[in-house]
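Asks: Submitted below is the structure of interest, expressed as structure tokens.
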Amino acid sequence: MKLRIDGNEIIASQGATLLDLLRLLGLDCPELSRRPLAAKIAGEVFTLNYVPVRQQEDHQDRPSIRRAMAASGGEVRLLRYEDAPGREAYIRTAQFVIFLAMRQLWPDAVTKMNCTVGSSVYLQVSGVADFSVDLLKERITSLVAQDIPLLRRRVPLQEAIANYRCDGQPDKARLLSWRSFDYFDEYAYGDFADYYYGEMMPSTGYLTVWDIRPAEGGFLFVYPDNLNPDRVARFLESPNFFRVFSEGERWGELMECETVADLNELTTSGRIRELIRVNEALHEKRYSQIADMICQRGARAVMLAGPSSSGKTTSANRLAIQLRVHGKKPILMSLDDYYIDRDKIAPGPDGKLDLEHINTLDVDLFRSDMAKLLLGEEVELPSFNFKTGRREWRGHKLRLHPDSVIIVEGLHGLNPAMLPAHVEPHLIFRLYISPLLPLNLDNHNRIPTSYLRLLRRTVRDYETRGSSVQHTLSMWDSVRRGEHRWIFPYQENADVIFNSSTLYELAVLKKHIFPLLTAIEPEDECYDEVQNIVKILNYVVEADVDDEIPPTSLVREFIGGNSFYRT
């Protein structure tokens, strides 16, 4: 069969892997920035160990063309670290090598994936007294040098459950008990087996750029720099972020919901309703505490920011209610109203408008308006018409009263460039909102926060805006790039980071989104991204408990029924 690998034509012989073929084409290279890590074929991501043309078992002389290859017409796109699926393959391979090294050095240790901190991940280590970062580095370096092939194998489900239980991984055995298929795929080396819910690189030798840093209770594994993958990412301390994530873990312990298996048991027993009540009460208590802090400081403006689908709008409204309890008169403002006219925005190198760039906002006007408002002057506020793409003036004038507090919501709310010069620091309160979900599949597999936000956004766009899954996913990479550039670098500037996740919502969101996701065909461009989410939701028991979720809940912003949106 003739293939086109990144535009290069080659005949694929029976049994040849993609890696064999790209090496024949001279497309392999040692530099991580240029090295192919995986491949995309007809919407699906495959390991480079994938064999496009197999030999049929019942016909020794007749080749069998794989389904994906037939669907793509022989087109293969190589994925590198700059591509999200390539980067994810790198991270999964790192996980395998980390946990294999831990098993070889400290077989009785319990190592748990915890949270992502910038371009690194924090792992907790318990059950071992002599843990050493230096020894771990040496062993990982050795495993990389051995260039161990990473080949997937399929085992019967009950056999896998029994093996993991005997292997000292009861968390994984417990998770698999909720699996609806009668098989399980895993990677293995020696007596160690594991799986990370997606494709990996061909071998351990591909893990060439990384570092390990000591951390309290464990260590940090640092990934390559996203902009220059040939070097390790610069590590930035994020104590506020880390503290809030740890608080979320304590909430999970309090509510007896630390893993998906815990959530499933709460759902099937009916106790998920109690989980909802406690989770919502914890949120309300936190909003109340933040309002207390704002009033104690004497702040006149709250700058509220966070990544897409964090629940910023609901949070602004719930905070406003708590401020009213203090006798304040909150005023909601949106940075969206400070967009400049669309026809005045210069397109980027790709010819598209980057609507998340700070230059799309009239920063000077916002700074001027804020300065005047804080001085007690009257200001006419702009409104942005998203249908016409132009700013409008509708006579909306504002002057702050002694008890007024402005709540400004927007993507760039924590960017120092948005604040007027010489403003007294105590007058501005910075609030960062993000759903830092502490729920794990098992000890070795966390559920990325970005997955939860993508689920929220997909459900909301479909339910309230009539947008297809494909449309939402087509914009997600651009949204994520904007977050990494304009939001995450400033999250540590916040006075408070609010964790807007709820431990119950995966079970609720599944009812709304699972039929939409499973309808996506393998040939669709977004199929692999959808499958990454489906693989997680396959383990989640659906909960039909919408009637228990209060109308002011953050979750209501996405599934509908939010009282703040009613007219």
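Rundown of residues vs (1) on the phi > 0 side of the Ramachandran plot; (2) of a type in the set (Lys, Arg), yes/no style:
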| residue | (1), (2) |
| --- | --- |
| 118 | yes, no |
| 123 | no, no |
| 134 | no, no |
| 138 | no, no |
| 153 | no, yes |
| 159 | no, no |
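Asks: While we're looking at this one, here's another question. Taking the condition of being surrounded by 16 or more Cβ atoms within 10 Å (Cβ to Cβ) and part of a loop (DSSP other than H, G, I, E, B), how many residues in segment 321-354 meet it?
Replies: Counting residues in segment 321-354 that are surrounded by 16 or more Cβ atoms within 10 Å (Cβ to Cβ) and part of a loop (DSSP other than H, G, I, E, B) gives 4.
Asks: Okay, moving on. Name every residue in segment 355-382 that is open to solvent by 20 Å² or more (accessible area, probe 1.4 Å) and assigned to a strand (DSSP E or B), in order of residue number.
Replies: The one that is open to solvent by 20 Å² or more (accessible area, probe 1.4 Å) and assigned to a strand (DSSP E or B): 380.
Asks: Then there is this: Can you tell me how many residues in segment 410-437 are in contact with a strand residue (DSSP E or B) (Cβ under 9 Å, 6 or more places away or on another chain) and open to solvent by 40 Å² or more (accessible area, probe 1.4 Å)?
Replies: Of segment 410-437, the ones in contact with a strand residue (DSSP E or B) (Cβ under 9 Å, 6 or more places away or on another chain) are 410-415, 418-419, 423, 427-437.
Applying the additional criterion that residues be open to solvent by 40 Å² or more (accessible area, probe 1.4 Å) yields 411, 430.
Going through segment 410-437 one residue at a time, the tally reaches 2.
Asks: Got a sec? Which of 281, 261 is open to solvent by less than 10 Å² (accessible area, probe 1.4 Å) and of a type in the set (Gly, Ala, Ser)?
Replies: Only one candidate qualifies: 261.
Asks: Considering only residues of segment 459-485 that are in contact with a His (Cβ under 8 Å, 6 or more places away or on another chain) and open to solvent by less than 30 Å² (accessible area, probe 1.4 Å), which is nearest to residue 302 (Cα to Cα)?
Replies: 482
Asks: Just to be sure, is residue 309 under 30 Å from residue 118 (Cβ atoms) and out of contact with any strand residue (DSSP E or B) (no Cβ under 8 Å at 6 or more places or on another chain)?
Replies: Taking the combined requirement at face value, the residue satisfies it.
Asks: A further question follows. Just for segment 490-509: of the residues that are assigned to a helix (DSSP H, G or I) and more than 18 Å from residue 312 (Cα to Cα), which one is nearest to the chain's Cα centre (by Cα)?
Replies: 506
Asks: Within segment 392-427, work out how many residues are part of a strand (DSSP E or B) and either of a type outside the set (Lys, Arg) or in contact with a helix residue (DSSP H, G or I) (Cβ under 8 Å, 6 or more places away or on another chain) (or both).
Replies: Within segment 392-427, the subset part of a strand (DSSP E or B) is 392, 397-398, 404-409.
Retained after the next criterion (residues that are either of a type outside the set (Lys, Arg) or in contact with a helix residue (DSSP H, G or I) (Cβ under 8 Å, 6 or more places away or on another chain) (or both)): 392, 398, 404-409.
The number of residues fulfilling the criteria is 8.
Asks: Let me ask something else about it. Among the candidates 186, 199, 159, 237, single out the residue that is part of a loop (DSSP other than H, G, I, E, B) and either closer than 29 Å to residue 48 by Cα or open to solvent by less than 20 Å² (accessible area, probe 1.4 Å) (or both).
Replies: Criteria check complete, one pass: 199.
Asks: I would also like to ask the following. Take the conditions surrounded by 13 or more Cβ atoms within 10 Å (Cβ to Cβ), farther than 24 Å from residue 531 by Cα and among the charged types (D, E, K, R) and apply them to residue 191. Does it pass?
Replies: It is false that residue 191 is surrounded by 13 or more Cβ atoms within 10 Å (Cβ to Cβ), farther than 24 Å from residue 531 by Cα and among the charged types (D, E, K, R).
Asks: Collect the residues in segment 213-247 that are under 22 Å from the mean Cα position of the chain (by Cα) and aliphatic (A, V, I, L, M), keeping them in residue-number order.
Replies: 220, 222, 227, 232, 233, 236, 244
Asks: Of the residues 77, 153, 174, 139, only one is part of a strand (DSSP E or B), modelled with pLDDT of 95 or more and open to solvent by 40 Å² or more (accessible area, probe 1.4 Å); which?
Replies: After applying the criteria, what remains is 77.
Asks: Here is a follow-up. Out of (1) more than 30 Å from residue 78 (Cα to Cα); (2) part of a strand (DSSP E or B), what's the single condition that is false for residue 113?
Replies: Here residue 113 clears every test but (1).
Asks: Among the residues of segment 547-567, are any outside any helix (DSSP H, G or I) and closer than 26 Å to residue 44 by Cβ?
Replies: No: zero hits.
Asks: Whether any residue in segment 127-134 is of a type in the set (Phe, Trp, Tyr) and in contact with a helix residue (DSSP H, G or I) (Cβ under 7 Å, 6 or more places away or on another chain) is what I want to check.
Replies: The answer is no, given that none of the residues of segment 127-134 is of a type in the set (Phe, Trp, Tyr) and in contact with a helix residue (DSSP H, G or I) (Cβ under 7 Å, 6 or more places away or on another chain).
Asks: Name the residue, out of 290, 294, 358, that is under 16 Å from residue 408 (Cβ atoms) and touching a His at 6+ places or on another chain (Cβ under 6 Å).
Replies: Of the residues listed, the single one that is under 16 Å from residue 408 (Cβ atoms) and touching a His at 6+ places or on another chain (Cβ under 6 Å) is 358.
Asks: Another one. Please find, within segment 438-449, the residue that is most open to solvent (accessible area, probe 1.4 Å) out of those that are outside any loop (DSSP other than H, G, I, E, B) and not β-branched (Val, Ile, Thr). Let's see the steps before the verdict.
Replies: Going residue by residue through segment 438-449, those that are outside any loop (DSSP other than H, G, I, E, B) are 440-442, 445-446, 449.
From what is left, the residues that are not β-branched (Val, Ile, Thr) are 440-442, 445-446.
On the way: 440: 5, 441: 5, 442: 2, 445: 8, 446: 43 Å².
If we take residues in segment 438-449 being outside any loop (DSSP other than H, G, I, E, B) and not β-branched (Val, Ile, Thr), then 446 is most open to solvent (accessible area, probe 1.4 Å).
Per-residue answers, yes or no, for (1) hydroxyl-bearing (Ser, Thr, Tyr); (2) within 29 Å of the chain's Cα centre (by Cα):
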| site | (1), (2) |
| --- | --- |
| 102 | no, yes |
| 111 | yes, yes |
| 122 | yes, yes |
| 128 | no, no |
| 138 | no, no |
| 145 | no, no |
| 152 | no, yes |
| 157 | no, yes |
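Asks: May I pose another question? When only residues in segment 14-54 that are touching an Asp or Glu at 6+ places or on another chain (Cβ under 6 Å) and in a loop (DSSP other than H, G, I, E, B) count, which is most open to solvent (accessible area, probe 1.4 Å)?
Replies: Only one residue tops the list, namely 31.
Asks: Look at residue 92 and say whether it is touching a Gly at 6+ places or on another chain (Cβ under 6 Å) and either part of a helix (DSSP H, G or I) or more than 27 Å from residue 207 (Cβ to Cβ) (or both).
Replies: When the stated conditions are applied, residue 92 passes them.
Results for (1) among the small types (Gly, Ala, Ser); (2) modelled with pLDDT under 95; (3) touching a Lys or Arg at 6+ places or on another chain (Cβ under 8 Å), shown as yes or no for each residue.
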site: 404; (1), (2), (3): yes, no, yes
site: 407; (1), (2), (3): no, no, no
site: 412; (1), (2), (3): no, yes, no
site: 418; (1), (2), (3): no, yes, yes
site: 438; (1), (2), (3): no, yes, no
site: 445; (1), (2), (3): no, yes, no
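The values are calculated or read from the model by the stated rules, or taken from the named source; none is laboratory data. Quick caveat, the model's predicted, so the values are computed rather than measured. No Cβ is skipped: glycine too gets one built from the backbone with ideal geometry, and neighbour counts run over all protein chains shown. Just the protein is used for accessible areas: all its heavy atoms, side chains included, with ligands, DNA and RNA removed. Shrake-Rupley method; radii C 1.70, N 1.55, O 1.52, S 1.80 Å.
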